1. Between 0 and 90 degrees, rounded to the nearest ten: what's the tilt of helix 153-163 against the longest Cα principal axis of the chain?
2. Test of understanding: in a Gaussian network model of the chain with alpha carbons linked when under 10 Å, which of 48, 273, 238 would top the mean-square fluctuation ranking?
3. With θ set to phi - 60°, apply the Karplus curve 6.51 cos²θ - 1.76 cosθ + 1.60 along the range 202-207 and write out the HN-Hα couplings as whole Hz, x wherever there is a Gly or Pro.
4. If neighbour count is taken as other Cβ atoms inside 10 Å, put 40, 229 in order from fewest to most.
5. Using a ≥ b ≥ c from the Cα gyration tensor of the range 170-260 (square roots of the eigenvalues), is it rounded, prolate or oblate, where a/c under 1.5 gives rounded and otherwise the larger of a/b and b/c decides, a/b for prolate?
6. Would you mind checking 65/134; 35/65; 93/211; 22/65; 26/65; 26/135 for any pair whose Cα atoms are more than 21 angstrom apart?
7. Listing 278, 203 from the residue with the fewest other Cβ atoms within 10 Å to the one with the most, what is the order?
8. Using the 10 angstrom Cβ neighbour count as an exposure proxy, how do 216, 254, 95, 78 rank, fewest first?
Amino acid sequence: MDEKQYSIGVVTYHARFETYFKPLIKRLAQIFPDKEIICVLNGHPDKTLQIKYLRNAVLFLRSFKNVRYLTYDSNQSLSKCWNQVVILSPTQKVLILNDDTEVSELFRTELEAHIQNNELFTLNRSWSHFVISKKIIKKIGWFEERLPGIGQEDGDYTYRMAMQNIEMKNVDCAGLRNFVAAQENPGWIEISPLVQGTRYANINREFFDTKWITPLNSPAVSNFTHSCVFNGTHDTFTPIPGMETPMFYEFSVLDTHEDACNTSSYVTPLLRTKIQKIYYTVGRAGARFLRKIKI
């Protein structure tokens, strides 16, 4: 097994196609021509909208030699889409990116300085972009597919990691940017409203509260069985008996032969990445300063 090999997964849906997804895939194909890019195109209950979207998206993706894709007519949970990316990956490690993400040559350099020796880590302290290995999936289990919309996937997995004494690491990447786009007409909107003031499905929050006892949903409880650090804060929790994560798929589906993507290699331009590091670092510092002024 080549520890330097990894693939890239992106989950998307119709509303992100033109503004975010297309520019991202073009950039990924340019910077990672030797890596397999796996795209999961999620579904929507509006069949006319979905048919038009899939037709355009598939036509677009077919132009890239190192891109594979999986399409759904109906909406699937984000957790299921993540699981499918891992299953379809020909490599042991997978970089999973939000569709509303921007990357540069600098990002590849930053990523590859850490991916060889780490099995699981977030980028820029967010589950909007993270690396996970099949070894971790076999130890912790699958992402929780009973969360039908978007939200709490990361909290659920972090809690389960803590129960196995696995700590989430983080790598800061100046060459990676997440736009944090709004959820416009998502496929799950017919079954759940948004949690007020967030981009997440209320139905996911409700399910999460049936699986875990936390200070948020049980303020009268003072003693908890486990603790972890999640999103930079100290969390305490207790699992609810009978709500353990199911074995959605046999782990044998992860035992695939690892092959390098049969495309041209990519040499990271050293001078350009140095310039980008200065540019992005200064830009991020300026953005943080402006946010503080507004507060």
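Each value in this text was obtained by applying a stated rule to the coordinates, not by laboratory testing. No experiment lies behind these values; they were computed from the predicted model shown. Reconstructed Cβ throughout: ideal geometry from the backbone, glycine too, with neighbour counts over all protein chains shown.
1. It works out to around 70 degrees.
2. In the Gaussian network model the winner is 48.
3. 4, 5, 5, 4, 5, 5
4. Values: 40 25, 229 12.
Fewest-to-most Cβ neighbours within 10 Å comes out as 229, 40.
5. Details: a/c = 1.40, a/b = 1.17, b/c = 1.19.
It is rounded, given that a/c, with a ≥ b ≥ c, falls under 1.5.
6. On the way: 65/134 24 Å; 35/65 10 Å; 93/211 28 Å; 22/65 15 Å; 26/65 12 Å; 26/135 30 Å.
Over 21 Å apart, Cα to Cα: 65/134; 93/211; 26/135.
7. Numbers: 278 11, 203 19.
Least crowded to most crowded, the residues run 278, 203.
8. 216, 254, 95, 78
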